[in-house]
1. If Ser291 satisfies every condition in (1) in a loop (DSSP other than H, G, I, E, B); (2) among the polar types (S, T, N, Q); (3) over 28 Å from Met1 (Cβ atoms) but one, which is the exception?
2. Out of curiosity, is Gly98 of a type outside the set (Ser, Thr, Tyr), in contact with a strand residue (DSSP E or B) (Cβ under 9 Å, 6 or more places away or on another chain) and crowded, with 17+ Cβ neighbours inside 10 Å?
3. So which residues in the stretch 150-177 are in contact with a strand residue (DSSP E or B) (Cβ under 7 Å, 6 or more places away or on another chain) and either surrounded by fewer than 19 Cβ atoms within 10 Å (Cβ to Cβ) or among the small types (Gly, Ala, Ser) (or both), if there are any at all?
4. State which residue is surrounded by the fewest Cβ atoms within 10 Å (Cβ to Cβ) when the search covers only the stretch 1-20 and only residues that are more than 19 Å from Leu73 (Cβ to Cβ) and among the aliphatic types (A, V, I, L, M).
5. Taking helices (runs of 4 or more DSSP H) that fall entirely within the stretch 178-283, which contain at least 1 residues that are surrounded by fewer than 19 Cβ atoms within 10 Å (Cβ to Cβ), free of Cβ contacts under 8 Å to residues at least 60 places away in the same chain and more than 23 Å from the chain's Cα centre (by Cα)?
6. Can you name every residue in the stretch 326-377 that is without any contact (Cβ under 8 Å) to a residue 24 or more places away in the chain and in contact with a Ser or Thr (Cβ under 9 Å, 6 or more places away or on another chain)?
7. Within the stretch 20-55, how many residues turn out to be closer than 23 Å to Leu359 by Cβ and not in a helix (DSSP H, G or I)?
8. Of all residues in the stretch 315-347 being small (Gly, Ala, Ser) and surrounded by 13 or more Cβ atoms within 10 Å (Cβ to Cβ), which is nearest to Asp53 (Cα to Cα)?
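The values are calculated or read from the model by the stated rules, or taken from the named source; none is laboratory data. Remember, it's a predicted structure, so these values are computed and weren't measured experimentally. When we count neighbours, we look across all protein chains shown, and the Cβ atoms used for this are built from the backbone with ideal geometry, even at glycine.
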Amino acid sequence: MGALNGIRVLDAGLLVQGPQAAALMADMGADVIKVELPGFGDQARWIPVSETDRRAPYFVAANRGKRSVSVDLRKPDGREIFLRLAETADVIISNFKGGTMDSWGLSYEEVSARNPRIIYATGTVFGPIGPDAGREGADLAGQAAGGLISTTGVNGGNPTPVGVTIADFIASQSMANGILAALIARSSSGRGQRVDVSLVGSQIWAQASEYAAFGMSGAQPGRSNHGHPLIHAAYFIVPTKDGWLALIGVPMPLRPAFYNCINRPDLGTDERFAGLLYSSEVKAALHAELSKVFPERTTAEWCEVLRNAGQRYAPVRGYAEVMADPQMWENGYLSVLQHPEWGDVRMAGVPIRMSETPLKPGSFLAELGQDTELVLMELGYEWEQIEAFRSAGAV
């Protein structure tokens, strides 16, 4: 039994931000009903692996473990169906352009009038209030407007977005956290509440240390330059014979063993590198020296050397290497789900382990609207009514 067993979530979201929050709640045991536009569905269904492989990884990743109903929320009958569903639900999730749900007559005020216990979670790009509240956007807007892209790459290089939808995923975690907190608050107050998150707001929160540094100094923290601008240590990536290796700082007690295991004891006696904290210039000089040493061996060879010496490191890996690591499987970070047409598909597992109520990745969400009739019958609609809804285009 999952931690959210007995909780019902209506996922009216699209793409990543809202659906990923709902997927995590499904992994936690919630009954998640995905509400999609008839005939088209979530836009994520139409983002393929490639031009020749039309399978939809964004949709699959963010919608496992859910039931699917197709309801046109823009139509009066569709609106009433959704409100009937809301009466049975604990949580509603959406991440349309700001004001969209309101324009359909499905604002928090209208929904909570039917169910005062509802947790009404919305995700936007720039936030729910202010001059940009109604602007559209996507993950890249969150990365750019939130300042993240200003920290990536190297000095003098072009702005470089993170290569995954990181703004969406961080916002989805913010949304899930807000929903869980609202559920706890409801257990004592008896009332639901509105939960608002945004891509930009979550990006700023994810850079809390860097924004604090800027607030203190007034200086932009700078680009990552193979490491981190605020960590004044051997905290960077170096090239190896066949790839790259991340050094995760070398604390003072580990320095003698570190320099000995890489056959550079002279660096340990170099006064430039003797301090606890390095200036940017000294850090760059150490990086240059180590970048001469590590290409002498392969990444795997260096991992063995550093592991035996008790050092802090990590290989820079591609997805195939991550998928081949038993550590990832043993912790449940990766999983295999069966698809009725594609067979076994390896994908992300769950990031949280719970001893009493373990998370479990749900099965694939298959056809658009496959559960519509069943869910409507659960609401008390007769078959003749469902056929009338279908004729009117409401489902």
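1. So the condition that Ser291 fails would be (1).
2. Details: of a type outside the set (Ser, Thr, Tyr): yes; in contact with a strand residue (DSSP E or B) (Cβ under 9 Å, 6 or more places away or on another chain): yes; crowded, with 17+ Cβ neighbours inside 10 Å: yes.
Spelling it out, Gly98 is indeed of a type outside the set (Ser, Thr, Tyr), in contact with a strand residue (DSSP E or B) (Cβ under 9 Å, 6 or more places away or on another chain) and crowded, with 17+ Cβ neighbours inside 10 Å.
3. From the stretch 150-177, those in contact with a strand residue (DSSP E or B) (Cβ under 7 Å, 6 or more places away or on another chain) are 171, 174-175; that's our starting set.
Scanning the stretch 150-177 gives Ala171, Ser174.
4. Of the stretch 1-20, the ones more than 19 Å from Leu73 (Cβ to Cβ) are 1-7, 16, 20.
Those left that are additionally among the aliphatic types (A, V, I, L, M): 1, 3-4, 7, 16.
Numbers: Met1: 9, Ala3: 17, Leu4: 24, Ile7: 20, Val16: 26.
So, considering only residues that are more than 19 Å from Leu73 (Cβ to Cβ) and among the aliphatic types (A, V, I, L, M), the one surrounded by the fewest Cβ atoms within 10 Å (Cβ to Cβ) is Met1.
5. Working: elements: 199-206, 208-217, 255-261, 265-269.
Fully inside the stretch 178-283 and qualifying: 208-217, 255-261, 265-269.
6. Hits for the stretch 326-377 are Trp329, Arg346, Gly349.
7. Residues of the stretch 20-55 closer than 23 Å to Leu359 by Cβ: 20-34, 42, 44.
From what's left, not in a helix (DSSP H, G or I): 28-34, 42.
Qualifying residue count, the stretch 20-55: 8.
8. Restricting to residues being small (Gly, Ala, Ser) and surrounded by 13 or more Cβ atoms within 10 Å (Cβ to Cβ), the top hit is Ser335.
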